[in-house]
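Student: Please find one structure pasted underneath; my questions will follow.
The values are calculated or read from the model by the stated rules, or taken from the named source; none is laboratory data. All of these numbers come straight from a predicted model, not from anything done at the bench. Glycine gets a Cβ as well: all are built from the backbone with ideal geometry, and neighbour counts include every protein chain shown. To get the accessible areas, we keep the full protein, side chains included, count just its heavy atoms, and leave off ligands, DNA and RNA. Shrake-Rupley method; radii C 1.70, N 1.55, O 1.52, S 1.80 Å.
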Amino acid sequence: DQLPNLVDKSIATTKRFDALKVFMTMQSVGPNALGEMYDHLIEQTQQVAELVRQHDGFEVLAEPTLTTVLFRAVNQNVSDLDALNQSLRLEALTRGIAVLGETIVEGKSALKFTILNPCLKMSDFESLLNEVNSLAAELVK
């Protein structure tokens, strides 16, 4: 894989240090507000998955779980969709469009949205999907 593993780039990823992040967040916003943010993210994940389903250039590969949407770009003129989606992920990162995760779902290369920012609006995801779709179309040419 040509991309850096961004998970390894945080200050510390030990369980003890990760627990401190949750503790400080709870202290800062309170458990009720944090719960509302989480509920919002869960609902928004379902909405984003529906947005992906309605877009002609993408397909959802699995039902969303928690705050993750697994999908891929599709194009009837492309015989190797796995290669397209792997290239799409790399190009989206290197061009500064998006940091998309990647995984395999039932043998298919999948892109992954992990939705963790409660301040994002659906219009942000609409714009992002349109940018990723434009990039996919460019890569097919």
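Student: Can you tell which of Val99, Val48 is under 18 Å from the mean Cα position of the chain (by Cα) and either at pLDDT 95 or above or among the small types (Gly, Ala, Ser) (or both)?
Tutor: Val48
Student: For the stretch 38-55: of the residues being in contact with a helix residue (DSSP H, G or I) (Cβ under 8 Å, 6 or more places away or on another chain) and either of a type in the set (S, T, N, Q) or not in a helix (DSSP H, G or I) (or both), which is surrounded by the fewest Cβ atoms within 10 Å (Cβ to Cβ)?
Tutor: Taking the candidates together, the pick is Gln47.
Student: For the stretch 74-102, what are the residues that are open to solvent by 50 Å² or more (accessible area, probe 1.4 Å) and β-branched (Val, Ile, Thr)?
Tutor: Listed by number, the residues that qualify are Thr94, Val99.
Student: Let me spell it out: the conditions are (1) under 30 Å from Thr25 (Cβ atoms); (2) in contact with a Leu (Cβ under 8 Å, 6 or more places away or on another chain); (3) open to solvent by 60 Å² or more (accessible area, probe 1.4 Å), and Thr114 meets all of them except one. Which number is the exception?
Tutor: For Thr114, the exception is condition (2).
Student: Further, regarding this structure: Those residues that are touching a residue at least 40 places away in the same chain (Cβ under 8 Å) and in a helix (DSSP H, G or I), I need them from the stretch 86-124; list them, please.
Tutor: Ser87, Leu88, Arg89, Leu90, Glu91, Ala92, Leu93, Met122
Student: To continue, here is another question. Among the residues of the stretch 1-36, write down those that are open to solvent by less than 70 Å² (accessible area, probe 1.4 Å), in contact with a helix residue (DSSP H, G or I) (Cβ under 9 Å, 6 or more places away or on another chain) and modelled with pLDDT of 80 or more.
Tutor: Passing the criteria: Thr25, Val29, Leu34.
Student: OK, next. If I filter the stretch 120-141 down to residues being under 27 Å from Asp80 (Cβ atoms) and loosely packed, with under 15 Cβ neighbours inside 10 Å, which single residue comes out as modelled with the lowest pLDDT?
Tutor: Among them, the one singled out is Lys141.
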